[in-house]
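Chemist: Sharing a structure, written as structure tokens. Questions coming.
The values are calculated or read from the model by the stated rules, or taken from the named source; none is laboratory data. The model shown is predicted, which means the values in this text are computed figures rather than measured ones. Note: ideal-geometry Cβ built from the backbone for every residue, glycine included; neighbour counts use all protein chains shown.
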Amino acid sequence: MAGFDKVVPDYAAAMAGLEDGMSVIAGGFGLCGIPEGLIAQIKRMGTTGLTVYSNNCGVDGFGLGILLEDRQVKKMVSSYVGENKLFEQQLLAGELEVELTPQGTLAEKMRAGGAGIPAFFTATGYGTPVGEGKESRCFNGVNCILEDAITADFSIVKAWKADRYGNAIYRHTAQNFNPMAATAGKITVMEVEEIVEPGELDPTGIHTPGIYVDRLIQGTFEKRIEQRTISASGGA
Amino acid sequence: MSLSREQMASRVARELKDGYYVNLGIGIPTLVANYIPQGVEVMLQSENGLLGMGPFPTEETIDADMINAGKQTVTAITGASIFSSAESFAMIRGGHVDLTVLGAFEVDVNGDIASWMIPGKLIKGMGGAMDLVASAENIIVIMTHADKHGNSKLLEKCTLPLTGAGCIKQIMTDLAWLTVEDGAFVLRETAPGISIDEIRAKTAGKLIVPDDVREMTFS
């Protein structure tokens, strides 16, 4: 690796330094736009006691769900975890901790974390269990609660294409949490479908500037579909 | 007779105005998209980061990278835009989405809504529901008036953990169209053939019945 070239030779190098008890932010929404190869590498490494920030926890046998199989996750911070039986079992058995966080608040926590904003006020969750125990204030007649930003030891994100410097673009709704996740890791590892040379991507169209990306690897993706909905006629 | 899911959706669709950006929740709210009035153009927002959601794809056009907030494969209409989750909820929280339609377990006379958690049952999470109700000015709840045991879901005070406090102003049920004003439900329209007495009996919270209550019509 030299200069701004972020490309690493293999998955071991991509996730080097991840240790038991660390925190990981993962991009993705459901199974869409998830860093499949980086998740698989964490499973291979067998790292345990992880705190994982991600909107969802995959499904049984795929996505972040595979990290539950060997009980690698200590705590999950998510907005929705309803797709996963193993998750349910471990939660009910007290082997897994979950902190449910409203989806927009979770996105903003990552955005704030990456942007150096330690906390923010939001109306979301005021008067609900989410607001319990949190500082509240009224702004212009709207009751708000104080939410802390999120940063983590590692961020693992999935993009469509990136140049060697880590300038990246996402494809369709596989963007989701990835741009915020990319900013909030002490070490941000990006897995992409295609690595191109600097200059091949239009600088104006970059979603994630390379400054946020520490390590870059090209992967192959299964892109499993969670809800396959088809319309023969083209109507919903 | 109480309204079907389709009738509830079609009545709510009459609230859509030309040029509206609309977020439809999972379940009956999704059906509203099937009843957009003639001459009205709306753009559907899906909170995972899509403005301009189109119909489900065909076998030929299906794309794992193109899903909606229910994780279903969808398409994007001409003129759509796609963005991050933070951007998506900035639109929602910032009040830029004109109308939000979602389901609920309970609503009360103060506009409190409970829609995500039943204690004792497994808690799956709130997803984007708390963000959607927190800041939107214009929210319509679609739900049945009573549960399957006949217990009212329109209460003096919600019994389940809240999704949001003081945020609901309009409710579409299988019996009626109501607004929430000054600590009471106000009956605006009845479903065809449903008596005001029946609605009164199935509304546990304070109900005001103005003189000009209308009966809905369906073509």
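Chemist: Which one of these does residue B:135 not meet: (1) among the polar types (S, T, N, Q); (2) without any contact (Cβ under 8 Å) to a residue 60 or more places away in the chain; (3) under 22 Å from residue B:8 (Cα atoms)?
Modeler: Going through (1) among the polar types (S, T, N, Q); (2) without any contact (Cβ under 8 Å) to a residue 60 or more places away in the chain; (3) under 22 Å from residue B:8 (Cα atoms) one by one, residue B:135 breaks only (3).
Chemist: Could you identify the single residue in B:120, B:125 that is modelled with pLDDT under 95 and facing another protein chain (nearest Cβ under 8 Å)?
Modeler: Within the list B:120, B:125, the selection yields B:125.
Chemist: For residue A:149, which of the numbered conditions (1) within 13 Å of another protein chain (Cβ to nearest Cβ); (2) touching a Leu at 6+ places or on another chain (Cβ under 8 Å); (3) of a type in the set (Gly, Ala, Ser) fails to hold?
Modeler: (2)
Chemist: Restricting to region B:13-33, count the residues that are in contact (Cβ under 8 Å) with a residue 40 or more places away in the chain and over 20 Å from residue B:47 (Cα atoms).
Modeler: Final tally of qualifying residues: 2.
Residue-wise test of (1) among the small types (Gly, Ala, Ser); (2) buried (at least 24 other Cβ atoms within 10 Å of the Cβ).
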site	(1), (2)
A:162	yes, yes
A:172	no, no
A:176	no, yes
A:181	yes, yes
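Chemist: Name every residue in region A:1-60 that is of a type in the set (Phe, Trp, Tyr) and over 26 Å from residue A:82 (Cα atoms), in order of residue number.
Modeler: Correct list: A:4, A:11.
Chemist: Here's another thing I want to ask about it. Would you mention how many residues in region B:6-50 are among the aromatic types (Phe, Trp, Tyr) and not in a helix (DSSP H, G or I)?
Modeler: Going through region B:6-50 one residue at a time, the tally reaches 2.
Chemist: I need the full set of residues from region A:179-230 which are among the small types (Gly, Ala, Ser) and either more than 16 Å from the chain's Cα centre (by Cα) or more than 14 Å from chain B (Cβ to nearest Cβ) (or both), in order please.
Modeler: A:185, A:199, A:205, A:210, A:219
Chemist: Can you go through B:148, B:157 and tell me which one is modelled with pLDDT under 95 and either in a loop (DSSP other than H, G, I, E, B) or under 24 Å from residue B:30 (Cα atoms) (or both)?
Modeler: B:148
Chemist: Out of curiosity, is residue A:105 assigned to a loop (DSSP other than H, G, I, E, B), touching a Ser or Thr at 6+ places or on another chain (Cβ under 6 Å) and facing chain B (nearest Cβ under 8 Å)?
Modeler: Considered against the rule, which asks whether it is assigned to a loop (DSSP other than H, G, I, E, B), touching a Ser or Thr at 6+ places or on another chain (Cβ under 6 Å) and facing chain B (nearest Cβ under 8 Å), residue A:105 comes out as no.
Chemist: Quick one: how many residues across region B:196-219 are touching a helix residue (DSSP H, G or I) at 6+ places or on another chain (Cβ under 9 Å) and modelled with pLDDT of 95 or more?
Modeler: 4
Chemist: Another question, if that's okay. Filter region B:46-98 down to the residues that are within 7 Å of chain A (Cβ to nearest Cβ) and within 18 Å of the chain's Cα centre (by Cα) and list them by number.
Modeler: Within region B:46-98, B:47, B:48, B:70, B:89, B:92, B:93 qualify.
Chemist: Got at least one residue in region A:164-177 being out of contact with any helix residue (DSSP H, G or I) (no Cβ under 7 Å at 6 or more places or on another chain), of a type in the set (D, E, K, R) and either free of Cβ contacts under 8 Å to residues at least 12 places away in the same chain or within 13 Å of chain B (Cβ to nearest Cβ) (or both)?
Modeler: Checked region A:164-177: at least one residue is out of contact with any helix residue (DSSP H, G or I) (no Cβ under 7 Å at 6 or more places or on another chain), of a type in the set (D, E, K, R) and either free of Cβ contacts under 8 Å to residues at least 12 places away in the same chain or within 13 Å of chain B (Cβ to nearest Cβ) (or both).
Chemist: Further, regarding this structure: Report yes if residue A:210 is crowded, with 17+ Cβ neighbours inside 10 Å, touching a residue at least 12 places away in the same chain (Cβ under 8 Å) and under 26 Å from residue A:13 (Cβ atoms), otherwise no.
Modeler: In short, yes.
Chemist: Please verify whether residue A:126 is without any contact (Cβ under 8 Å) to a residue 24 or more places away in the chain, of a type outside the set (A, V, I, L, M, F, W, C), surrounded by 23 or more Cβ atoms within 10 Å (Cβ to Cβ) and at the interface with chain B (Cβ under 10 Å from one of its Cβ atoms), treating the condition exactly as stated.
Modeler: Spelling it out, residue A:126 is indeed without any contact (Cβ under 8 Å) to a residue 24 or more places away in the chain, of a type outside the set (A, V, I, L, M, F, W, C), surrounded by 23 or more Cβ atoms within 10 Å (Cβ to Cβ) and at the interface with chain B (Cβ under 10 Å from one of its Cβ atoms).
Chemist: When you check residue B:167 against the structure, is it part of a loop (DSSP other than H, G, I, E, B) and within 14 Å of the chain's Cα centre (by Cα), yes or no?
Modeler: Judged against the criteria, residue B:167 is a match.
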